[in-house]
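Peer 1: The structure follows.
Derivation of every value follows stated rules applied to the coordinates shown; laboratory data play no part. Small disclaimer: the values here were computed from a predicted structure and weren't measured. Positions of Cβ are backbone-derived with ideal geometry, glycine not excepted, and every protein chain shown enters the neighbour counts.
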Amino acid sequence: MKPTGLLAALPEGPRERLMELGREVSFPAGARIFEEGGRADHFWVIRDGGVNLDIHVPGRRSAVVETLGAGRLLGWSWLCPPHQWHLGAEATSPVHAWEFDASEVLALCERDPELDHALLTYVVEVIGRRLRAARTRLLDLYGPYGSGSPG
Amino acid sequence: MTAVPLPYRVVSNRPETTDTRTLTLRPVGEALPAFAPGQFAMLYAFGVGEIPVSVAGLQDGALTHTLRGVGAVSRALCAVRPGTQVGVRGPFGTGWDLPAATGRDLLVVAGGIGLAPLRPLVQAALSTPRNHGRLNILIGARTPEDLLYRSEPDAWGRPYCGMTVDRAGPEWTGHVGVVTTLLDQAAFTPHETTAFVCGPEVMIRATGRELLHRGVPAQHIRVSLERNMHCATGHCGHCQLGPLLLCRDGPVVGYDRAEPLLAVREL
């Protein structure tokens, strides 16, 4: 299978060393993969299927804020304190993914600066991309003219 | 193209969303020349005023326009009853030019009401499947309730058609996020793809940037721009965007021309 997303972004050597720590997992549609506030000790690379990221809204159903598909990185809260999920994740369809234990990956990164740099660069890019998307949505582009303007 | 509006009769006025309607018009007498997908008409609500509206359907000699009621004229047009007459001038502007994309993969990216000018392009592409490669249609909207032509994507069938919304309600089981995130699911060979993009200009810039990053040539990214069009004949200058008069040189232009202009502040 042609690598996509994180796996395509990593040079071959670091990718192979990372993949030695990965294991194939599956989630049925509707499965909760992690919960907001839970300990962020794993991450996943989605091979196929879709995952909704959601946020708890007291008194209402959780609000879906983004959908991730094939090739996308699921989870980055494992990388930095407080190592807690700031969103929940639910499979919207049967999901196949590579699952990684964060502590194992972080330990490998300690010994492997090339992987450490490539992985960190990719995760920062992902965070930046999602931040840009969130800011764009704040503009309420498709709303009535001026509805997203300040003041 | 006519300088004087020709009378057209409203044969239907159906709601798309809470503030958006689709009008179907037929000529009372003489008909305007044929429109091409991507071109626009000047619609005149008698006694109120005239606005530019892209053509959203071209079937059986009728003109279809989808418009959102946001100002005096568009609200008046949204309120017209079947049987009422409106004035129509056109066709104006450049079209999407689907024949120039013959043999290439097609990528249609629509944001909000930007799907309306792309609809006749999609219909034309669906009717000539042998003329092009894979067809991908990516649609973004504010909420599920804001999606236009909701019954049509199911009938489109063959192409990949992805829909995403910025804000999902509990009933929505589809994708959530900006429209560019759907590109990962689309099947196209970037350097052999022609993209057609219409929506808010921030969305056009974000999509153009992402398509360039993926290797779609700038001249093969066709975007539809919008400015304040008055005369629609390139004389009054209201729709000027840098060196372009968008009523004449647009609204559809290549991203190689649009990108530097969209990067200029207050242009």
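Peer 1: Each residue of the range A:74-88 in order: what ³J(HN,Hα) in whole Hz does its phi give by Karplus 6.51 cos²θ - 1.76 cosθ + 1.60, θ = phi - 60°, with x for Gly and Pro?
Peer 2: 10, x, 9, 5, 5, 7, 9, x, x, 6, 10, 5, 9, 9, x
Peer 1: If amide hydrogens are placed 1.01 Å from N in the peptide plane, which non-local residues have theirs closer than 5 Å to the one on A:F34?
Peer 2: Sorted by chain and number, the residues that satisfy this are A:A89.
Peer 1: Name the residue, out of A:L141, A:L74, A:L119, whose mean-square fluctuation peaks in a Gaussian network model built on chain A with Cα pairs under 10 Å.
Peer 2: A:L141
Peer 1: Grab the beta carbon distance between B:D256 and A:A8, set R0 = 25 Å, and tell me the FRET efficiency rounded to 0.05. Kindly include the intermediate steps, with their values, before the conclusion.
Peer 2: Numbers: r = 27 Å, r/R0 = 1.10.
Efficiency for this residue pair is about 0.35.
Peer 1: Shifting gears a bit: Using only Cα atoms, find the angle between the long axis of helix B:201-214 and the longest principal axis of chain B, and express it within 0 to 90 degrees, rounded to the nearest 10.
Peer 2: Helix B:201-214 sits roughly 30 degrees off the main axis of chain B.
Peer 1: Would you please give the residues with an amide H less than 5 Å from that of B:F46, counting only those at least 5 places away or on a separate chain, with H modeled from the backbone geometry?
Peer 2: B:G87
Peer 1: How much of the calculated P(r) for chain B lies past 27 Å, in percent of all Cα pairs?
Peer 2: For chain B, the fraction of Cα-Cα distances above 27 Å is 36 percent.
Peer 1: Which order results if A:T136, A:T121 are arranged by neighbouring Cβ count within 10 Å, fewest first?
Peer 2: Numbers: A:T136 20, A:T121 12.
Final ranking by Cβ density, sparse to dense: A:T121, A:T136.
Peer 1: Which whole-Hz ³J(HN,Hα) couplings does the range B:161-168 yield from phi under the Karplus relation 6.51 cos²θ - 1.76 cosθ + 1.60, θ = phi - 60°, glycine and proline marked x?
Peer 2: 3J(HN,Hα) across the range B:161-168, in whole Hz: 10, x, 10, 9, 10, 6, 10, 9.
Peer 1: Among all helices in chain A defined by DSSP H, which have a length of 24 Å or more along the axis from Cα atoms plus a Kyte-Doolittle mean of at least -1.0?
Peer 2: On the way: long enough: A:113-138 (37 Å, 0.02).
Correct list, ordered by number: A:113-138.
Peer 1: Output the relative contact order of the range B:6-92, whole-number percent, from Cα pairs under 8 angstrom with separation of 6+ residues. Display every interim value, and only then the final one.
Peer 2: Working: 199 pairs, mean separation 34.2, N = 87.
Relative contact order for the range B:6-92 comes out at 39 percent.
Peer 1: Once the other residues with Cβ under 12 Å from the Cβ of B:N13 are scored (Lys, Arg +1; Asp, Glu -1), what is the net sum? If you can, show how the numbers build up before the last one.
Peer 2: Numbers: positive: B:R9, B:R14, B:R21, B:R81; negative: B:E16.
Result for the local shell: +3.
Peer 1: First measure r as the distance between the Cβ atoms of B:T102 and B:H213, then evaluate 1/(1 + (r/R0)^6) with R0 = 35 Å and state the FRET efficiency to the nearest 0.05.
Peer 2: On the way: r = 25 Å, r/R0 = 0.73.
Computed FRET efficiency for B:T102 and B:H213: 0.85.
Peer 1: Would you grab the residues whose amide H sits under 5 Å from the one on B:V109? Only those 5+ places off in sequence or on another chain, please, with H modelled 1.01 Å from N.
Peer 2: Those lying under 5 Å, H to H, from B:V109 are B:L138, B:F196, B:V197, B:C198.
Peer 1: Using a 7 Å offset from the Cα along the Cα-to-Cβ direction at both B:T84 and A:D116, what is the distance between the two label points in nm, to one decimal?
Peer 2: Result for the modelled spin labels: 6.9 nm.
Peer 1: Calculated FRET efficiency, B:A155 and A:I127, Cβ-Cβ r, R0 56 Å, to nearest 0.05? Display every interim value, and only then the final one.
Peer 2: Values: r = 39 Å, r/R0 = 0.70.
Calculated value: 0.90.
Peer 1: For A:G88, what is the net charge nearby, where nearby means another residue's Cβ is under 12 Å from its Cβ and Lys, Arg count +1, Asp, Glu -1?
Peer 2: -3
Peer 1: I would also like to ask the following. Just want the ordering: A:F43, B:F40, from fewest to most Cβ atoms lying within 10 Å of their own Cβ.
Peer 2: Values: A:F43 23, B:F40 29.
Going from least to most buried by this count: A:F43, B:F40.
Peer 1: State, to one decimal in nm, how far the label point of A:D48 lies from the label point of A:R135, with both points 7 Å from Cα in the Cβ direction.
Peer 2: Distance between the two pseudo-spin positions: 3.7 nm.
Peer 1: For the pair A:V57/B:V11, report the inter-label distance in nm, with labels modelled 7 Å from Cα in the Cβ direction.
Peer 2: Those two pseudo-labels are separated by 4.2 nm.
Peer 1: Ok, one more. Give me a comma-separated list of calculated 3J(HN,Hα) values for the range B:117-128, in order, Karplus coefficients 6.51, -1.76, 1.60 applied at θ = phi - 60°, integers in Hz, x for any Gly or Pro.
Peer 2: x, 8, 4, x, 5, 4, 4, 5, 5, 5, 7, 10
Peer 1: Of all DSSP beta bridges in chain B, what percent run antiparallel (nearest 5)?
Peer 2: 60 percent
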